[in-house]
Structures are given as C-alpha cells and as structure tokens.
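Read through the structure below, which is laid out as structure tokens, and then see the notes.
A short reminder: the numbers here are calculations on the coordinates, not readings from a lab. Being a predicted model, the structure only gives us computed values, none of them experimental. Using ideal geometry, Cβ is built from the backbone for each residue, glycine included, and neighbour counts are taken over all protein chains shown.
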Amino acid sequence: WRPSPLSAEQIERFLQARRETGIECVVSHAVYLINLASPDPETRRKSYEAYLAELQRCAALGIRYAVVHMGSHPEFATGMQLLIENLRQLLAEMPQGVCIAMETMAGQGSALCYRFEHFAQILETLPDERLVICADSCHLFAAGYDLRTPETYEAVWQEFDRLVGLSRLQVWHLNDSKKPLGSRVDRHEHIGEGELGADAFRLILSDPRFTQLPMLIETPDEKRFAEDLAKLWEMAGERSQNG
C-alpha cells in the first residue's frame, strides 16, 4: 500500500531527469488499490494513508497533480459521503503545491464519479481550488458522454461547465474505448482503433480550452505508445516529437 519514503538522492535524480529531458509537467497516478469510499473501514484507512503519502511524495518531487480514482461503494449515497469526508481530511492534511486530480470514471460496477453531477456534489461541499478533474476520454465515453461529433462534443462540455466548471479540468487521459457509448465498461483501446474513434481526439486536441493542459495516454500495449503518440501529434496538426 505505501512504498518507502523517497531519499534525498532519489529526489535529486528525479529533478535532474526532468531538467535533462525538458519535461516541465509531470502527473502522478495513485495506486489502483485506493478506495476512499470503501465500505470496509480498514481499506478506507489504508487508502487514505496511501494517497496522503502519494501527495507528500508529489510535493517533494515538485509534481502538481496526483490523479486518483474516486472509488466504489454498493450504496451510492453512503459512498459519496465517505468519499467527501476523506477528501475533506486530505485537504486539511496535504502539503501545499499539490492538487487532488479526481478522475472521471466509466461507471463500471459500483464505481462513483462517472457522472458530472457526482463531481458537482463533491465541489458543492468542498469548493477548494486544489480539487481538480482529470478527464479520461475512454471513461467519459463509456459513461455516456459522446465526444464523436462537434454537436455532441460541445454539449458535453457545456454540461460540464454548468455542473463543475471548465476551469476545474486540469489533466487529460487520452484513451480510445473497446466498448460502445454508455456501456459503463472500462476497456482502453489504442488511439483511433476503438468505438470512440479519431474524430473525438481531433476535437479534443483542437479545442483551445484544452491545448495547454497535460495529456497522457494509457493505451493497452506499451510497445505501441510511440505509435499512439505519433497519431495524436498528427491529429493535433504537428509533427511527432520523435520526428
């Protein structure tokens, strides 16, 4: 659940690597075991401690965003209450300079936060600027948000802005979807090869509201990461950084 604390040498090696690569924005992703809404008190405690430790590591490494899944609970209302209380405590204890990046979920099983209304409920209770959103294109699509045409795409973001606020969206996970719209099944696919399709990514990448945000891929086969990134650069109208 909790890795060993970072040594001064590890921190310096990380900072040196950032300087050498020129990568300015690094985004962390918390371990998938974390469930801040778990019905089991021991799992909730371990989840809280693990994510707080992740936020502390991010602060030490100069990482602004720590992406986390919002967890699951068989009873939605109870799960949301538990999640909000854990987020409230994290905001009180976490170090400065770090944001909790709440990831949009696909809605599989009893997962929370697959609808914009769920995030609105959190932010109405905790209107803290350190609570931001990580939008996952596969998860959005699986949850029923259609990003494939200009009309449906714009309708999605108008709804998001009304309920959550576009300024809250700070990170993107760009993944295609193996499963159809509204399936509530979380299965990533390589860029342009799934049900979401290339047009959705072109819309995202050409949207001036998002062009300055960090965007990351989590496609199935890491051996094809370079291929997926090259596709995205081409869709964005730029040459691949690999030439």
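Net charge dipole, the stretch 25-235: roughly 320 debye, given to the nearest 20, about the Cα centre with Cβ charges of +1 for Lys and Arg and -1 for Asp and Glu. Centroid-to-centroid, using Cα positions, the stretch 160-180 and the stretch 22-47 are 19 Å apart.
Going through the stretch 196-232, which trypsin sites (Lys or Arg not before Pro) have at most 12 other Cβ atoms within 10 Å and a DSSP loop state?
Arg209
What residues have an amide H closer than 5 Å to that of His29, excluding those fewer than 5 places away on the same chain, when H is modeled at 1.01 Å from N in the peptide plane? Amide H to amide H, under 5 Å and 5 or more residues apart or across chains, His29 pairs with Val67. Run the paramagnetic zone check for Glu151: 7 angstrom along Cα to Cβ, then residues of the stretch 168-205 with backbone nitrogen under 20 Å. Counting backbone N atoms under 20 Å from the label point, the list is 181-182, 196-204.
Using a simple spin-label model with points 7 Å from Cα along the Cα→Cβ vector, what separation in nm is obtained for Ala17 and Leu163? Result: 3.7 nm between the two label points. Amide H contacts for Ala37 (H built 1.01 Å from N in the peptide plane; partners 5 or more residues away or on another chain; cut-off under 5 Å): Ser72. For the residues Gly194, Gly22, Gly97, a GNM of the chain with alpha-carbon springs under 10 Å puts the largest fluctuation on Gly22.
First check a/c for the chain, with a ≥ b ≥ c the square roots of the eigenvalues of its C-alpha gyration tensor; if it is under 1.5, answer rounded, and if not, answer prolate when a/b is larger than b/c or oblate otherwise.
Details: a/c = 1.68, a/b = 1.12, b/c = 1.50.
Here the chain falls in the oblate category.
Approximating the spin labels as points 7 Å out from Cα along Cα→Cβ, the Arg209-to-Val185 distance works out to 3.0 nm. Across Ala155, Ala143, Ala111, mean-square fluctuation computed from a Gaussian network of the chain (C-alpha pairs under 10 Å connected) peaks at Ala155.
I'd like the antiparallel share, as a percent to the nearest 5, of DSSP beta bridges with both residues in the chain. Before the final figure, lay out each step's value.
On the way: 3 of 21 bridges.
Given both bridge residues lie in the chain, the antiparallel proportion sits at roughly 15 percent.
Determine the gain in length on full extension of the stretch Glu238-Glu75; use 0.36 nm per residue of separation and subtract their C-alpha separation, reporting nm with one decimal.
On the way: separation 163, 0.36 × 163 = 58.68 nm, distance 4.62 nm.
Gain on extension, Glu238 to Glu75, equals 54.1 nm.
Set the Förster distance to 22 Å, then compute FRET efficiency between Glu24 and Ser4 from the Cβ-Cβ distance, nearest 0.05. Here the calculated transfer efficiency is 0.20.
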